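Visitor: After the structure tokens below, expect a handful of questions from me.
The values are calculated or read from the model by the stated rules, or taken from the named source; none is laboratory data. These numbers come from a predicted model, not from an experiment. Don't worry about glycine lacking a Cβ; one is built from the backbone with ideal geometry, like all the others, and counts go over all protein chains shown. The area values use the complete protein model at the heavy-atom level, side chains included, leaving out ligands, DNA and RNA. Shrake-Rupley method; radii C 1.70, N 1.55, O 1.52, S 1.80 Å.
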Amino acid sequence: MTGMATHIDMKQPILDKNDRLAEENRALFAEKHVFVLNILASPGSGKTSTILATIEALRDEFNIAVIEGDIASSVDSEKIKAQGIAAVQINTGGACHLESDMIKRAVDVLDLDELDLILLENVGNLVCPTDFDLGENAKVMILSVPEGDDKPLKYPGVFQVSQAVVLNKIDTMPVFNFDQDAFCDHVKQLNPNAPIFPLSATTGQGVEAWAEWLAERVRAVQ
Ligand SMILES: Nc1nc2c(ncn2[C@@H]2O[C@H](COP(=O)(O)OP(=O)(O)O)[C@@H](O)[C@H]2O)c(=O)[nH]1
Ligand SMILES: [Mg+2]
């Protein structure tokens, strides 16, 4: 029997189930005319800060809710609620990404008839969330200046699946050796069509252009 190998693919059945439920989510979001943005990034890159800045830029035009994915705690959803925005916290209890059944349960507690936009903060991780379709309208990734300009070379998948790339913390550029031209070149090689939005979630610089890109897409599903 030498040379015989049995290959059991554990990943595929999980993805099949995930993709089926993602399609159900997508159909529900389309029926309710709500745009869902899946935000992928490392821990500390500024997902919550960018979500808060985006809310401030768009809350006059759209009704917005947030779904927060974390391994543990409700720290982020409390920050969102403090701004008067509906927020649902998902605790994955260890899993390094959100799956579509978690989103299905989270949107159950939101009034989709009243919403135009749901911002989804995925678990901080540049690898695991990449493979999981949640039924979202778009994936966007955030890379922050302190993480370094080489990250597209090391984590190509997340840059390839994203429809846009936010480069956050540009206010810290003077204290990090971040080569923005090299970063943009790496991103363009992986994903020529994704626009790159350099911004600072804390100073607000560059937020307007990013928010307008998103607003155009939200308007298109109304
Ligand atoms: N200087 C600077 N700090 C930022 C910026 N955005 C976020 N931060 C800080 O980075 C840390 C992590 O931000 P947070 O939004 O919680 O990141 P998350 O873990 O990706 O949700 C916090 O201390 C933020 O204040 C930015 O644009 N500039
Ligand atoms: Mg956060």
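Visitor: List pairs: first residue in region 19-35 and open to solvent by less than 20 Å² (accessible area, probe 1.4 Å), second residue part of a helix (DSSP H, G or I) and of a type in the set (S, T, Y) anywhere in the structure, Cβ distance under 8 angstrom, at least six positions apart or on different chains.
Guide: A22/S100; N25/S100
Visitor: Taking region 124-146, which residues are of a type outside the set (A, V, I, L, M), closer than 22 Å to W213 by Cα and either assigned to a loop (DSSP other than H, G, I, E, B) or open to solvent by 10 Å² or more (accessible area, probe 1.4 Å) (or both)?
Guide: Result: T130, D133, G135, E136, N137, K139.
Visitor: Considering region 87-141 alone, what residues qualify as being among the acidic types (D, E) and under 10 Å from the mean Cα position of the chain (by Cα)?
Guide: E121, E136
Visitor: Which is closer than 29 Å to T172 by Cα and surrounded by fewer than 17 Cβ atoms within 10 Å (Cβ to Cβ), of P13, P43?
Guide: Criteria check complete, one pass: P43.
Visitor: Based on this model, can you work out whether E56 counts as open to solvent by 60 Å² or more (accessible area, probe 1.4 Å), out of contact with any strand residue (DSSP E or B) (no Cβ under 6 Å at 6 or more places or on another chain) and modelled with pLDDT of 95 or more?
Guide: Yes, satisfied.
Visitor: Every residue in region 17-75 that is part of a helix (DSSP H, G or I), more than 18 Å from the chain's Cα centre (by Cα) and under 15 Å from Q222 (Cα atoms), please.
Guide: Listed by number, the residues that qualify are A27, L28, A30, E31.
Visitor: Please determine, by comparing only the residues of region 80-123 that are within 23 Å of W210 (Cβ to Cβ) and of a type in the set (S, T, N, Q), which one is least open to solvent (accessible area, probe 1.4 Å).
Guide: N122
Visitor: Need pairs with beta-carbon distance below 7 Å; first residue under 13 Å from A106 (Cα atoms) and within region 70-95, second away from ligand 1 (no atom under 14 Å from the Cβ) and assigned to a helix (DSSP H, G or I); sequence gap 6+ or separate chains.
Guide: A87/K81; V88/A106; I90/M102; I90/A106
Visitor: Next up: Looking at (1) open to solvent by less than 20 Å² (accessible area, probe 1.4 Å); (2) touching a residue at least 60 places away in the same chain (Cβ under 8 Å), which one does I67 not meet, given that it meets all the others?
Guide: Exception for I67: condition (2).
Visitor: Something else: Mind checking whether some residue in region 185-198 is in a loop (DSSP other than H, G, I, E, B), open to solvent by 50 Å² or more (accessible area, probe 1.4 Å), within 15 Å of ligand 1 (Cβ to nearest atom) and free of Cβ contacts under 8 Å to residues at least 40 places away in the same chain?
Guide: no
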